[in-house]
Amino acid sequence: MKANELMLAEAFRKEAVSGFEKYLPRIVDCLELLSEEEIWWRPNEASNSAGNLVLHLCGNVRQWIISGLGGEPDTRERDKEFAERGPISRRLLIGRLKKTVEEACQTISRFPAEALSREFDIQGYRASGLVAIAHVYEHFAYHTGQIIYLAKLKRGNDLGFTRLPAAKPARPVAAQRP
């Protein structure tokens, strides 16, 4: 690989790890705000509980990153992630998620830059290493948002994860030129 390709690969891996490290504490905070019963509450039968989403994230991350890219055995039982009705304790869910994310971050950090373009068979799909990591990153962020929403529904207030500076009025680009 060329030097600029290696730099890009390293930046991609670091960003993926950084994303997991950013979203994990948000999920943990949400689980800690909810009671043991609320973790397994579903708004309706077509929706998942925060507990189901945590199990699903563990399964997805393990299958795609730890197994698919890292070579560990694939022991995922996807249907069970959604069928569970609890109570698996908050402590156990948080521990399982932290361990899974830690293993995934180690796998991504050690993943060779040259292998980002290599094809892998994961969950019945052919995906490059880059696509596999991007898929899991996006999937993790998506379900983090759902868990945050469930916690907001139960608590009825903003959880304070994002604070934006006061917006300045937008000006057309042409008006900004000296």
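Look through L57, L31 and report the one residue that is within 13 Å of R90 (Cα to Cα), part of a helix (DSSP H, G or I) and modelled with pLDDT of 95 or more. Working first, answer last.
Numbers: L57 fails: within 13 Å of R90 (Cα to Cα).
After ruling out the rest, the residue left standing is L31.
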> Quick check, is A83 among the small types (G, A, S), under 26 Å from R26 (Cα atoms) and under 19 Å from the mean Cα position of the chain (by Cα)?
Replying inline: no
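Residues of the stretch 146-157 being over 21 Å from the mean Cα position of the chain (by Cα) and modelled with pLDDT of 90 or more, which ones?
Residues of the stretch 146-157 over 21 Å from the mean Cα position of the chain (by Cα): 154-157.
K154, R155, G156 - these are the residues of the stretch 146-157 that are over 21 Å from the mean Cα position of the chain (by Cα) and modelled with pLDDT of 90 or more.
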> Could you say whether any residue in the stretch 34-46 is in contact (Cβ under 8 Å) with a residue 60 or more places away in the chain, within 14 Å of the chain's Cα centre (by Cα) and either more than 15 Å from L116 (Cα to Cα) or assigned to a helix (DSSP H, G or I) (or both)?
Replying inline: no
>> Taking the condition of being part of a loop (DSSP other than H, G, I, E, B) and in contact with a Ser or Thr (Cβ under 7 Å, 6 or more places away or on another chain), how many residues in the stretch 66-103 meet it?
In response: 4
>> I'm trying to understand the selection: among the residues of the stretch 57-91, which are of a type in the set (S, T, N, Q) and under 20 Å from S117 (Cα atoms)?
In response: Q63, S67
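Only one of these is assigned to a helix (DSSP H, G or I), free of Cβ contacts under 8 Å to residues at least 60 places away in the same chain and within 23 Å of A9 (Cβ to Cβ): Q63, Q106. Name it. Quick ask: steps written out before the conclusion?
Details: Q63 fails: free of Cβ contacts under 8 Å to residues at least 60 places away in the same chain.
Q106 is the lone residue from the list that is assigned to a helix (DSSP H, G or I), free of Cβ contacts under 8 Å to residues at least 60 places away in the same chain and within 23 Å of A9 (Cβ to Cβ).
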> Mind checking which residues of the stretch 109-165 are more than 28 Å from V28 (Cα to Cα), in a loop (DSSP other than H, G, I, E, B) and of a type in the set (A, V, I, L, M)?
Replying inline: none
> Restricting attention to the stretch 122-158, and to residues there that are surrounded by fewer than 21 Cβ atoms within 10 Å (Cβ to Cβ) and of a type in the set (S, T, Y), which single residue is nearest to T75 (Cα to Cα)?
Replying inline: Y125
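The values are calculated or read from the model by the stated rules, or taken from the named source; none is laboratory data. Worth saying up front: this structure is predicted, and the values here are computed from it rather than measured. With ideal geometry, Cβ positions are generated from the backbone for all residues, glycine too; neighbour counts draw on all protein chains shown.
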